[in-house]
Amino acid sequence: MKAPRILIIEDENQIRRFVRIALEAENFDVIEADSGTRGLIEASTRQPDLVIVDLGLPDLEGKEVIRQIRGWSEMPIVVLSARDREEEKVAALDIGADDYLTKPFGMPELIARIRAHLRRRQSNENQGDPIVHFGDVIVDLAAHAVTRSGVDVHLTPIEYRLLLSLINVRGRVVTHNQLMLAVWGPNYSERSHYLRVYMGHLRQKLEHNPAQPEFLLTELGVGYRLV
Amino acid sequence: MNEERPDPDRLLAEIKREEIAAQRGKLKIFIGACAGVGKTYAMLNAAQQRIAEGIDVVIGVVETHGRSETIKLLEKFPEVLPLRKINYRGKSLAELDIDTALQRAPQLIIVDELAHTNIEGSRHVKRWQDVDELLVNGINVYTTLNVQHLESLNDVVGGITGIRIWETIPDRFFDSADEVTLVDLPPDELLERLKEGKVYIPEQVEHAAKNFFRKGNLIALRELALRRTADRVDLQMRAYRADHAIANVWQARERIIACIGPGSIGDKLVRSAARLANELKADWLAVYVETPALQRLSKTDRQRILDHLKLAEELGAETATLAGSDLIATLIAYSKSRNANKLVVGHPTDLPWYQQWHPRFIDTLARFSPDIDIYVVGNDKPSQIRSRVINMGTMKWWNYAWATAACGVTTILAAGLLRIFDLSNVVMLLLLTVVGVSIRFGRGAGAWAAALSVLLFDFFFVPPRFSFVVSDVQYFFTFTLMLLIALIIGQLAAKLQFEATTANIRERRAQALAALSKELSGALTVEQVVEIANRHVSGTFNSSVAVFLPSSQEKIKVAGTSSSQPIVDTAVAQWVYDHQLPAGFGTQTLSAAVSHYLPLQAPMRTRGVLVLEAKNLLFLDEPEEKRLLDTFAAQIALALERVHYVEVAQDALVLMEGERLRNSLLSAISHDLRTPLTALVGLASTLTDSNLPENSQKELAIAIQNEAQQMSDLVTNLLDMARLQTGGVKLKKDWQSIEEIVGSACMQLHRVLATHKLVISIPPNLPLCECDPILIQRVIVNLLSNAAKFTSAGSIITISAAAENNEMAIVIEDNGPGLPRGQETRLFDKFTRGETESNKPGVGLGLALCKAIIEAHDGKIFAENCIDSGARFTIKLPLGIAPMPEELL
């Protein structure tokens, strides 16, 4: 099987360099682009399996790159951003990025994320498995049943819908907006704190230690992710 | 020796004068003896020469009076400004358009007829004020003037020609001209021109003009013009001598006081005093002493005195109204207090008998003040008897009616008591009535009551009763005594009453001023000053008030008004602010405005504008009241300036504090950034050595990673702090779960905390808390990494949260060595660390940042030591009630 191809769009030479070295050491095929335009050309011609985009590009905005790629491809997109750009990060996720990493980031973290997204993509291709596992929790999508260590867990309809929304895009960061839309429908985006209440309930029911969750992770100020 | 060297103060004043003069435009006046000598023609010729020299000249306004020579000359000018059309009583009249002129800003503008009075509705009452504004804006002006229009010569010319002219300009304006050119024409030639019809005479004054243009008049006028111009040359000569230290005699500055009385002579007196002051280059004052006698003057007489004071003010005098019972004593005391050595008084020829009876005013004055020169201005007018007669007519008749009624009642009362009382006691009762009437209704009514009492006494009480016939001659003596005593007592009572009234008024003024000053001295902000100013000014002057303050662009804006708002024109206020002159009602500028505008002038600069609505502003005519208002304005301006400088001082303090912070930041950073950087450089350079065994390489790499991570934390803290301090951070508050925030903080620190035991105890039903999650996470991350940094591996770190008393309390404690004693609060200051010398990295910024963030949330953060051991940090955030979905309620 051929090595997965990763496109990295980043204007900082040093960052591109260590990411390339680290990824090549992990047997990835790495393509570099130092600007948004260049990145779009590479993305369309070389057909990478995953794209890493820096949000602070000199020519195009990172968001614009994502929007254009999403116009024709579902390939996983991981965003890199500085800490003081929360809104941009959320906006990038809202228009279709799958994940984000805050600078400075560690390579093991990035590689883990990349692997997770590639895996998800593959599993998407052979979809249809109605049973989802995480930890000792089993969700039977066909029967709408949830068990933990073999014991039935009762979820309210909203809790179940929320869990389902996260399962559908497992591994991806789902923003508050996206979740509100999926669970409550439009017109609720102002009440994202509902989410926190229900996520708290879900964690109480499904996690060992709700304050230090293992699966239902919080991306503070951005959204949630199921791993 | 000293005289050779100019006095430094004077030099300084000279420099200041030159500075002002340099910015100010130059004024050239073409003066002539009368109309028709060719001033306008001469002025236009001179302007033509300027054009030839390449100077930008425009015509502001020129009256050609249809003279062909002038019109022809006027056509040669490249630019004539359009006039401003003003509708006045149905007629469209044209005036100089000062705004266009200011906008056009030529180098030189021609403005004919300086003494012209503008039509109502123009900006200034007089054209010379327009010219003044042009000069202030640095525009040079050529203008013309007839000698009779000079204020101080006005009455002299009137006396010569028998025609009084009302259009005048103040002498100081004439004297301030940079150049004066005399346009002279011998009387014979002028008469020749007149015959040829070359002189313009308005139809309505044709008859008067015939008398005016008599040869004798023309000679006299010519002499006046020549002399006035010569005076000016003399003045310049003296100024030149002074400038070049030629003067070898130091002259004491003279001060002249003109004493204005009720007679119509005041007008002449004021002009004489002005001329005298001008000749002596002296300061001069015009004073009016209000004695009990003068207090009772009719309204018209009072108005005339005020007019005279106003005239004096226009002629450059300082004015004052003094109150006192003794005219001479008050006058002398005032002269001494003001160090005046010359008094100008009118000749008291009002009434021949008055002089006979009264100790001669001038003689007394001279006797009491031998060191003061007294100038007496003669009275060439007919005596004032007529005006006195009119005064009698304007007396308040009801005072006399009351006096009559009081005497009547007393008579009836006395008649009833006659059975018990003696006749002599009846006299006493009547005397008592006279005293009462004098106090209540004044001297006139008192005298009337005195006379009436005598008659009533005679008619009703002296036998034979009910007839004026007197049986005993003794009673005539009683009548005379009674009348005299009644008059004297009445006089004294009235005087007492007057003094009490004036004292009251003075007391009221002094109290009002004291109250204002007291409150202003306590004011700390501009808003307070404005509020106090509005309250006091509106209270004292019984008028609607507004205070305008300038913005940073020098644009005037309303800062506050009294409870009722005055009608205000912001453009006028702006003008007043820009020119530092009063305007509006009661002044010479924009007098048609409904409000009075006063600049708030402080020593350093104008601080704003005070506006009073004119409804109750008649008092502006009274110098004392006006001065009180001026004092109020000065006090307010001073307070504004004081507050301004307090703010400046505070800013300077803040700046100094900032400077101190920056210094300590720099020294802290140089340590805390350089240490990890040194380590990084060292570690990385060691790593490049390829001979190292693989596990050493890995060890080095991990060390580099740790150092870099620490620097990253430090930089994050620094940036957050900087952003919070510059106010660049807007809290993104939302209803947040503390559990999630703590969870993600622990996740972020999982590597650092790996060596410690972490206990989290958060109740599952903890309410949401409104906060900025990223910032609160920052606080918890800082506290947790501190706990990890300052305790040994294996220590326990506990995080707990609870909602109590409307507060969300988050507690982070450890079982380490605890905090240094007595340092618990100082820890949160910037660049403070528990131990001053420590190998533990961090600029001591972490806790300061925590405090800043928590305080931005209106919360509290504090540190303490646990009872057994370890440190405890507590965060308290205000807790509201989050709106919840219905199914959960």
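For B:ARG271, the conditions (1) modelled with pLDDT of 80 or more; (2) touching a Pro at 6+ places or on another chain (Cβ under 8 Å) all hold with the exception of (2). For B:ASP689, the requirement of being outside any helix (DSSP H, G or I) and acidic (Asp, Glu) is met.
Residue selection: A:GLY71 satisfies the criterion of being more than 14 Å from chain B (Cβ to nearest Cβ) and not hydrophobic (A, V, I, L, M, F, W, C). Consider the stretch A:170-227 and keep the residues that are within 23 Å of A:VAL151 (Cβ to Cβ) and within 7 Å of chain B (Cβ to nearest Cβ). The one that is surrounded by the most Cβ atoms within 10 Å (Cβ to Cβ) is A:PRO213.
Would you mind finding the one in B:ARG535, B:ARG508 that is at pLDDT below 85 and in a helix (DSSP H, G or I)? When all the criteria are applied, what remains is B:ARG508. In the stretch A:74-83, of all residues being assigned to a loop (DSSP other than H, G, I, E, B) and away from chain B (no Cβ under 14 Å), the one that is modelled with the lowest pLDDT corresponds to A:GLU74.
Based on what the data block shows, is B:SER800 assigned by TED's automatic domain parsing to the domain that holds B:PRO878, over 13 Å from B:SER761 (Cα atoms) and among the small types (Gly, Ala, Ser)? The answer is no for B:SER800.
Each residue in the stretch B:401-456 was checked for being aromatic (Phe, Trp, Tyr) and at pLDDT below 85, and 2 pass.
Whether a residue is out of contact with any Pro (no Cβ under 9 Å at 6 or more places or on another chain), surrounded by 13 or more Cβ atoms within 10 Å (Cβ to Cβ), assigned to a helix (DSSP H, G or I) and within 14 Å of chain A (Cβ to nearest Cβ) was assessed, and B:LEU629 does not pass this test. Residues that are within 12 Å of chain A (Cβ to nearest Cβ) and either of a type in the set (Gly, Ala, Ser) or touching a Lys or Arg at 6+ places or on another chain (Cβ under 7 Å) (or both) within the stretch B:693-710 comprise B:ALA701, B:ALA708, listed in sequence order. With the requirement that a residue be within 13 Å of another protein chain (Cβ to nearest Cβ) and either surrounded by 15 or more Cβ atoms within 10 Å (Cβ to Cβ) or closer than 17 Å to A:SER44 by Cα (or both), what does the stretch A:85-101 give you? A:ARG85, A:GLU86, A:LYS89, A:VAL90, A:LEU101 - these are the residues of the stretch A:85-101 that are within 13 Å of another protein chain (Cβ to nearest Cβ) and either surrounded by 15 or more Cβ atoms within 10 Å (Cβ to Cβ) or closer than 17 Å to A:SER44 by Cα (or both). Mind checking whether some residue in the stretch B:725-741 is assigned to a helix (DSSP H, G or I), at pLDDT 85 or above and more than 28 Å from A:MET199 (Cα to Cα)? No, the stretch B:725-741 contains no residue that is assigned to a helix (DSSP H, G or I), at pLDDT 85 or above and more than 28 Å from A:MET199 (Cα to Cα). In the stretch B:742-764, the residue that is nearest to A:HIS208 (Cα to Cα) out of those that are more than 7 Å from chain A (Cβ to nearest Cβ) and part of a loop (DSSP other than H, G, I, E, B) is B:PRO763. Selection of the stretch B:75-110 for residues being touching a strand residue (DSSP E or B) at 6+ places or on another chain (Cβ under 7 Å) and of a type in the set (A, V, I, L, M, F, W, C) yields B:PHE77, B:VAL80, B:LEU81, B:LEU83, B:ILE86, B:LEU93, B:ALA94, B:LEU96, B:ALA101, B:LEU108, B:ILE109, B:ILE110.
Name the single residue, out of those in the stretch B:539-577 being in contact (Cβ under 8 Å) with a residue 60 or more places away in the chain and among the small types (Gly, Ala, Ser), that is surrounded by the most Cβ atoms within 10 Å (Cβ to Cβ). Here the answer is B:ALA546. Taking the condition over 49 Å from the mean Cα position of the chain (by Cα), part of a loop (DSSP other than H, G, I, E, B) and not assigned by TED's automatic domain parsing to the domain that holds B:THR631, does B:ILE420 pass? The answer is yes for B:ILE420.
Can you name every residue in the stretch A:119-162 that is under 25 Å from A:GLY96 (Cα atoms) and touching a residue at least 60 places away in the same chain (Cβ under 8 Å)? Once the filter is applied, which keeps residues that are under 25 Å from A:GLY96 (Cα atoms) and touching a residue at least 60 places away in the same chain (Cβ under 8 Å), the stretch A:119-162 yields A:ARG121, A:PHE134. From the list B:ILE139, B:ILE119, B:ILE110, the one residue that fits, being among the β-branched types (Val, Ile, Thr) and farther than 29 Å from B:ASP569 by Cα, is B:ILE110.
Among strands (runs of 3 or more DSSP E) entirely within the stretch A:1-69, having at least 2 residues that are under 20 Å from A:ASP94 (Cα atoms) singles out A:50-54.
Let's see how each residue does on (1) in contact with a helix residue (DSSP H, G or I) (Cβ under 6 Å, 6 or more places away or on another chain); (2) at pLDDT below 80:
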{"position": "B:LEU145", "(1), (2)": "no, no"}
{"position": "B:HIS149", "(1), (2)": "no, no"}
{"position": "B:ILE165", "(1), (2)": "yes, yes"}
{"position": "B:VAL183", "(1), (2)": "yes, no"}
{"position": "B:LEU194", "(1), (2)": "no, yes"}
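Can you work out which of the residues in the stretch B:538-565 that are in a loop (DSSP other than H, G, I, E, B) and touching a strand residue (DSSP E or B) at 6+ places or on another chain (Cβ under 7 Å) is nearest to B:VAL609 (Cα to Cα)? Only one residue tops the list, namely B:SER551.
Of the residues making up the stretch B:765-779, those that are touching a helix residue (DSSP H, G or I) at 6+ places or on another chain (Cβ under 7 Å), of a type outside the set (Lys, Arg) and either over 17 Å from B:LYS876 (Cβ atoms) or within 11 Å of another protein chain (Cβ to nearest Cβ) (or both) number 8.
Conditions tested, residue by residue: (1) assigned to a loop (DSSP other than H, G, I, E, B); (2) assigned by TED's automatic domain parsing to the domain that holds A:GLU87; (3) at pLDDT 90 or above; (4) within 22 Å of the chain's Cα centre (by Cα).
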{"site": "A:ARG121", "(1), (2), (3), (4)": "no, yes, no, yes"}
{"site": "A:LEU163", "(1), (2), (3), (4)": "no, no, yes, yes"}
{"site": "A:ASN177", "(1), (2), (3), (4)": "no, no, no, yes"}
{"site": "A:LEU181", "(1), (2), (3), (4)": "no, no, no, yes"}
{"site": "A:TYR198", "(1), (2), (3), (4)": "no, no, yes, yes"}
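Determine whether A:LEU166 is more than 14 Å from chain B (Cβ to nearest Cβ) and within 27 Å of B:CYS769 (Cβ to Cβ). Against the criterion (more than 14 Å from chain B (Cβ to nearest Cβ) and within 27 Å of B:CYS769 (Cβ to Cβ)), A:LEU166 qualifies.
If you check B:ASP720, B:ASP713 for being out of contact with any helix residue (DSSP H, G or I) (no Cβ under 6 Å at 6 or more places or on another chain) and either more than 10 Å from every other protein chain (Cβ to nearest Cβ) or part of a helix (DSSP H, G or I) (or both), only one passes: B:ASP713. Any chance the stretch B:572-581 includes a residue that's among the hydroxyl-bearing types (Ser, Thr, Tyr), modelled with pLDDT under 80 and not in a strand (DSSP E or B)? No, because not a single residue in the stretch B:572-581 is among the hydroxyl-bearing types (Ser, Thr, Tyr), modelled with pLDDT under 80 and not in a strand (DSSP E or B). For the stretch A:109-129, indicate whether the set of residues that are closer than 30 Å to A:LEU7 by Cα and within 13 Å of another protein chain (Cβ to nearest Cβ) is non-empty. Yes, because at least one residue in the stretch A:109-129 is closer than 30 Å to A:LEU7 by Cα and within 13 Å of another protein chain (Cβ to nearest Cβ). For B:THR675, the conditions (1) modelled with pLDDT of 80 or more; (2) away from chain A (no Cβ under 12 Å); (3) surrounded by 15 or more Cβ atoms within 10 Å (Cβ to Cβ) all hold with the exception of (1). For the stretch B:53-96, residues that are in a strand (DSSP E or B) and of a type in the set (A, V, I, L, M) total 8.
The values are calculated or read from the model by the stated rules, or taken from the named source; none is laboratory data. Computed from a prediction, not measured in an experiment: that's the story for all the values here. Virtual Cβ from ideal backbone geometry, glycine too; neighbours counted across all protein chains shown.
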